[in-house]
Structures are given as structure tokens and as C-alpha cells.
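Colleague: If you scroll down you'll find the structure; I have some questions about it.
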Amino acid sequence: MIDGRAVRYFPDRGDEGYSVRHYDLALDYRPEPNRLAGVATLSAVANEPLDQVRLDLGTPMRVAQVLVGGRRTKFTHRAGKLRVNPGRWLPEGGAFTVEVRYSGNPRPAPSPWGPLGWEQLEDGALVASQPIGASSWFPCNDRPSDKATYQIAITTAAPYTVVCNGRLASMRRAGSRATWVYRESAPMASYLASVQIGRYQVGELPGRVPQRLAAPAAGMARARQALARQDQMMRVFGEWFGPYPFDEYAVVVTEDDLEIPVEAQSMSIFGPNQLAEERLVAHELAHQWFGNSLTLAYWRDIWLHEGFACYAEWLWSEASGGEPAAAHARRWHARLAARPADFVLADPGPKRLFDDRVYKRGALTLHALRERLGEPAFRAVLHEWTDGYRHGTVTTGRFTELAARYAAESLDAFFMAWLYSERLPPLS
């Protein structure tokens, strides 16, 4: 069912009429001219009878051919929408495939939060799509609730290393070119699909969960030092949130400085300028549970990603000998109390999607819930939350319903104050 308030955030993105089950992306990228050519094959299911399939694809990309079920079909491509006419009705519940052949010079999509999507670096490329940049480099159903498995094959110049979501299935060289094939078997939202291309060395990090590091040779030692406690974070978060939800975890450290770290499924990307802040390492790791395994169904519920990842920073501080979460909570409550109370956490609006107050008030809400329920019940809520919705989609309502089952008395007033009122409630 379409949620009206959610649709208003990005009304031109995604289509509820169908769901993609799998993306097969075969891409050829030439870094110096920033030239991308691709064949994208989408395996999908119609959620209602369809006489048209609407995909999101940025207009810098030029579409040469579209096939539905292996047959060429008519299409139009305007204003970031690729409209495919299959020539017949696709029945509700029916499976179908769409193959798109396209090419162009990818560039990030403009947004209120800066450019999003495929970005050419000084020597390579980076993808950072949250929330609406995926269509800058491949045709997709760009809504976070439509999660699919992926195979991403990238052919590029042999001196470059390619890192994508999931496991590296193969890498083969042919002359001056190399093809890297990655497979992500866990369902993934389109905005979390990512490609990182650079002159990287790749090494292993110690840990029970396989952990990879890709970084420029000159920065590898510093990157290893910055990530020295990452496996301890993995253990601490496992105790709080349940087992790490993916087969492995990759960290990419770019040669270029970045404004903020980049979140992707089973992968995080940092600039060398961010390695000194261990809290950022904890924050991005926590997103593997909250944002990647559990993905919001509607963008208004962004606190379910950022509030949880921010609170994970405080939990790591507490577990690693730093300040306890309560001290972080008191300090940030005082700071937020001095700022305008002009948004609702559970529906902040698109302009405030990444407002720092969403992050910190989200973390405060969780700390207040921890105090209200007591630590054993709070841990139980987090474990049931991550286990019950593993690799699925979540909403604020589902979380509050779950938490209510662990409370001795009604939490209605508590959640109304923290999630649905502009005024900042007091800490207990």
C-alpha cells in the first residue's frame, strides 16, 4: 500500500506497481573520460496488472535498446524516467524481465544534500547514492522498500581495483583490462548498491567475520591502525544487536578526502581525513544492522537508521572504556534543548532528512527507552528487532509495537513525546 506522507518525500522516484527480485549489471567503465556502458537485466514481479514499466535512470545516460522477456520493445526516456511499453499487459503476480542497454558519462544527481550517485574521482570513481542517487548509474526501481539480490560485473583498466557489494565471485584479466564480478545474495535497496574504483591494495583484517580493507598503498598502514578495534566493535555490536547480518564486511579508504563517510551494504567508505574519528568507524559498522539489513520502508523513518547508528557510537564508547551512554545522552540532550524544536522525529520532512538533530534525538529516544524498559528488556527488543526483520523493511510503527510488548505499562505517551511531538521531552 502506498503511504501518502512517504510518497511526498520523493514522489518522482520508484514505482509500487512491481518489485525487482534480482539485478544483473554488466558494466564497462573507462575512468579518464568517465565513460560508462552497461547492460542491466532486471528480474521482476508485477504487483498489479501493468501495461507500462517505469524505471528510474538519469538523463545523462542514453538508452540504446530495451527488451522485455527477450523481445525488443518501445520506450521513452525523459526527466529521469525510463518508460517501457511491453506491448501487452503484464498480469498481477506474473514474473518478467527487462533488459536495458545504455551508455553515457555518469554524473551525480543534484539534491538538497549535495550531489548523489556516481562520482568521478581524481583517479577512479565512487558511488554514494543515499537517498536518491542510484539512477545516476543504472536503471532501477528506486524505492528503499524494493530490495533485491545483485550481480555486478565491472570491466575497467587493469591497474584499478574494483570493490562492490557482496562477495567477489571472480576476477579475470584480458590484456590491459580486467573484469570484476561481485554477488550480493542478501536483498539490498537500490540506494545501497555501490561501486568503488581506484588504485587500491586489498588486504584482510583480523576477525571472526571476514573483513577486507582496500586502500592506496601509501595509506594502508594508517588505515589498518585506524581500524584496529573494528573486530572488537563487531563483537560488542553482536552482543547488543545480534549476529553480524552479512557474510563479510569491506572497508574502502579513498585517496581523496570525503565530506562524510559513505554507507553501502556490507561495505563502508571513508576518506583519509576521517580515519582519526573512531566513532565514525562504529557508526558506519552499525549501519550494517540498521539501514542495510533492516531498511526503512519510507524515508520519513530515517531515525531507524541514523538514530540507531548514533546510539551505537555511544554503546561502543561505553564498552571500550570511554564515556557511558548516559553521559553522551545528558550532553546531547542539553545541546538539543538549546536548539529550535521545529520537527517531528518520526516524520522530519525531506529537508531535514540528514539534520544532525534527527541523529541525536533518535539516539536519545533509544537511551530513554533503555531506561524505561531496563537493560535486559531493551537488549531483548534489539535482538528481536534485528532477527525478526533481518534483510527486510521496517517502519516506526513496527518498532513501537515490538517495544510495547516488553513494557510493564503503556508506552503510548512515551513514544508520542519522543517520536511525534516537536518539543524535546526530559530525560528521566
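Colleague: Please go through the range 371-423 and pick out each residue that is among the acidic types (Asp, Glu) and in contact (Cβ under 8 Å) with a residue 24 or more places away in the chain.
Modeller: Taking the range 371-423 first, the residues among the acidic types (Asp, Glu) are 371, 375, 384, 387, 401, 409, 412, 422.
371, 387, 422, listed by residue number.
Colleague: Give me a count of the residues in the range 150-196 that are part of a strand (DSSP E or B), aliphatic (A, V, I, L, M) and either under 18 Å from residue 263 (Cβ atoms) or more than 22 Å from the chain's Cα centre (by Cα) (or both). Please lay out each step first, then the result.
Modeller: Our first condition is that a residue be part of a strand (DSSP E or B); within the range 150-196, this holds for 150-157, 161-164, 167-174, 177-188, 195-196.
Applying the additional criterion that residues be aliphatic (A, V, I, L, M) yields 152-154, 157, 162-163, 168-169, 171, 174, 178, 181, 186, 188, 195.
Within this subset, residues satisfying the condition of being either under 18 Å from residue 263 (Cβ atoms) or more than 22 Å from the chain's Cα centre (by Cα) (or both) are 152, 157, 163, 171, 174, 178, 186, 188, 195.
The number of residues fulfilling the criteria is 9.
Colleague: May I ask you to verify whether residue 295 is over 30 Å from residue 148 (Cβ atoms), of a type in the set (Ser, Thr, Tyr) and surrounded by 20 or more Cβ atoms within 10 Å (Cβ to Cβ)?
Modeller: Details: over 30 Å from residue 148 (Cβ atoms): no; of a type in the set (Ser, Thr, Tyr): yes; surrounded by 20 or more Cβ atoms within 10 Å (Cβ to Cβ): yes.
Judged against the criteria, residue 295 is not a match.
Colleague: Can you pull out every residue in the range 299-351 that is modelled with pLDDT of 95 or more and acidic (Asp, Glu)?
Modeller: Matches in the range 299-351: 301, 306, 313, 318, 323, 347.
Colleague: Ok, one more. How many of the residues making up the range 80-134 are in contact with a strand residue (DSSP E or B) (Cβ under 8 Å, 6 or more places away or on another chain), of a type outside the set (Val, Ile, Thr) and not in a loop (DSSP other than H, G, I, E, B)?
Modeller: Summing the residues that are in contact with a strand residue (DSSP E or B) (Cβ under 8 Å, 6 or more places away or on another chain), of a type outside the set (Val, Ile, Thr) and not in a loop (DSSP other than H, G, I, E, B) in the range 80-134 gives 23.
Colleague: Could we say that residue 90 is under 20 Å from the mean Cα position of the chain (by Cα) and not assigned by TED's automatic domain parsing to the domain that holds residue 259 here? Before you say what the answer is, go through the steps one by one.
Modeller: Working: under 20 Å from the mean Cα position of the chain (by Cα): no; not assigned by TED's automatic domain parsing to the domain that holds residue 259: yes.
Against the criterion (under 20 Å from the mean Cα position of the chain (by Cα) and not assigned by TED's automatic domain parsing to the domain that holds residue 259), residue 90 does not qualify.
Colleague: Just need a number here: residues in the range 44-68 that are over 20 Å from residue 138 (Cβ atoms) and of a type outside the set (Asp, Glu). It would help to see each step written out before you state the result.
Modeller: Looking only at the range 44-68, we keep the residues that are over 20 Å from residue 138 (Cβ atoms), and these are 46-51.
Right, trim to of a type outside the set (Asp, Glu) and you get 46-47, 49-50.
The qualifying residues number 4.
Colleague: So residue 335 clears everything in (1) surrounded by fewer than 18 Cβ atoms within 10 Å (Cβ to Cβ); (2) of a type in the set (D, E, K, R); (3) part of a loop (DSSP other than H, G, I, E, B) except one condition, right? Which one?
Modeller: (3)
Conditions (1) under 12 Å from residue 152 (Cβ atoms); (2) at pLDDT below 95; (3) more than 21 Å from the chain's Cα centre (by Cα), marked per residue:
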residue: 1; (1), (2), (3): no, yes, yes
residue: 8; (1), (2), (3): no, yes, no
residue: 12; (1), (2), (3): no, yes, no
residue: 31; (1), (2), (3): no, no, yes
residue: 34; (1), (2), (3): no, no, yes
residue: 38; (1), (2), (3): yes, no, yes
residue: 42; (1), (2), (3): no, no, no
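Colleague: Restricting the search to the range 195-213, which residues are charged (D, E, K, R), over 25 Å from residue 24 (Cβ atoms) and touching a strand residue (DSSP E or B) at 6+ places or on another chain (Cβ under 9 Å)?
Modeller: As a first pass, look at the range 195-213 and keep what is charged (D, E, K, R): 199, 204, 208, 212.
Next cut, over 25 Å from residue 24 (Cβ atoms) only: 199, 204, 208.
Within the range 195-213, 199, 204 qualify.
Colleague: While we're on this one: What pairs can you find where one residue is in the range 255-267 and free of Cβ contacts under 8 Å to residues at least 24 places away in the same chain, the other is of a type in the set (Asp, Glu), and their Cβ atoms are less than 6 Å apart, with a gap of 6+ or different chains?
Modeller: Qualifying pairs under 6 Å: 261/284.
Colleague: If I ask for residues that are small (Gly, Ala, Ser) and touching a residue at least 60 places away in the same chain (Cβ under 8 Å), which ones from the range 146-170 would you list?
Modeller: Of all residues in the range 146-170, those small (Gly, Ala, Ser) come to 148, 153, 157-158, 166, 169-170.
Answer for the range 146-170, where residues must be small (Gly, Ala, Ser) and touching a residue at least 60 places away in the same chain (Cβ under 8 Å): 148, 153, 157, 166.
Colleague: Sticking with this one: Can you name every residue in the range 346-361 that is in a loop (DSSP other than H, G, I, E, B) and more than 19 Å from residue 112 (Cα to Cα)? Don't jump to the end; show me each part of the working.
Modeller: Looking only at the range 346-361, we keep the residues that are in a loop (DSSP other than H, G, I, E, B), and these are 346-349, 353-355.
346, the sole residue that qualifies.
Colleague: Of all residues in the range 376-421 being closer than 17 Å to residue 359 by Cα and in contact with a Pro (Cβ under 9 Å, 6 or more places away or on another chain), which is surrounded by the most Cβ atoms within 10 Å (Cβ to Cβ)?
Modeller: Of everything passing the filter in the range 376-421, 418 is surrounded by the most Cβ atoms within 10 Å (Cβ to Cβ).
Colleague: Now, a different point. Would you check if residue 368 is in the same structural domain as residue 414 (by TED's automatic domain parsing), more than 18 Å from the chain's Cα centre (by Cα) and either without any contact (Cβ under 8 Å) to a residue 12 or more places away in the chain or under 18 Å from residue 238 (Cα atoms) (or both)? Spell out how you get there, then give the answer.
Modeller: Numbers: in the same structural domain as residue 414 (by TED's automatic domain parsing): yes; more than 18 Å from the chain's Cα centre (by Cα): yes; either without any contact (Cβ under 8 Å) to a residue 12 or more places away in the chain or under 18 Å from residue 238 (Cα atoms) (or both): no.
In short, no.
Colleague: Provide a single number: the residues in the range 94-110 that are surrounded by fewer than 17 Cβ atoms within 10 Å (Cβ to Cβ) and touching a Pro at 6+ places or on another chain (Cβ under 8 Å).
Modeller: Total meeting the criteria: 1.
Colleague: Which numbered condition trips up residue 225, out of (1) under 21 Å from residue 270 (Cβ atoms); (2) in the same structural domain as residue 131 (by TED's automatic domain parsing); (3) over 24 Å from the mean Cα position of the chain (by Cα)?
Modeller: (2)
Colleague: Wholly within the range 208-273, which strands (runs of 3 or more DSSP E) include no fewer than the required count, namely at least 1 residues that are of a type in the set (Phe, Trp, Tyr) and buried (at least 17 other Cβ atoms within 10 Å of the Cβ)?
Modeller: On the way: elements: 211-215, 249-253, 262-264, 267-270.
The qualifying strands (runs of 3 or more DSSP E) are 249-253, 267-270.
Colleague: Return yes when residue 341 is part of a loop (DSSP other than H, G, I, E, B), in contact (Cβ under 8 Å) with a residue 24 or more places away in the chain, in contact with an Asp or Glu (Cβ under 8 Å, 6 or more places away or on another chain) and surrounded by 16 or more Cβ atoms within 10 Å (Cβ to Cβ) and no when it is not. Give the derivation first.
Modeller: Working: part of a loop (DSSP other than H, G, I, E, B): yes; in contact (Cβ under 8 Å) with a residue 24 or more places away in the chain: yes; in contact with an Asp or Glu (Cβ under 8 Å, 6 or more places away or on another chain): yes; surrounded by 16 or more Cβ atoms within 10 Å (Cβ to Cβ): no.
Considered against the rule, which asks whether it is part of a loop (DSSP other than H, G, I, E, B), in contact (Cβ under 8 Å) with a residue 24 or more places away in the chain, in contact with an Asp or Glu (Cβ under 8 Å, 6 or more places away or on another chain) and surrounded by 16 or more Cβ atoms within 10 Å (Cβ to Cβ), residue 341 comes out as no.
Colleague: What is the residue count in the range 362-413 for residues that are closer than 23 Å to residue 265 by Cα and not in a helix (DSSP H, G or I)?
Modeller: Residues in the range 362-413 being closer than 23 Å to residue 265 by Cα and not in a helix (DSSP H, G or I): 7 in total.
The values are calculated or read from the model by the stated rules, or taken from the named source; none is laboratory data. Please read these numbers as outputs of a predicted model, since none were measured by experiment. Here Cβ is always computed from backbone atoms with ideal geometry, including for glycine, and neighbour counts include all displayed protein chains.
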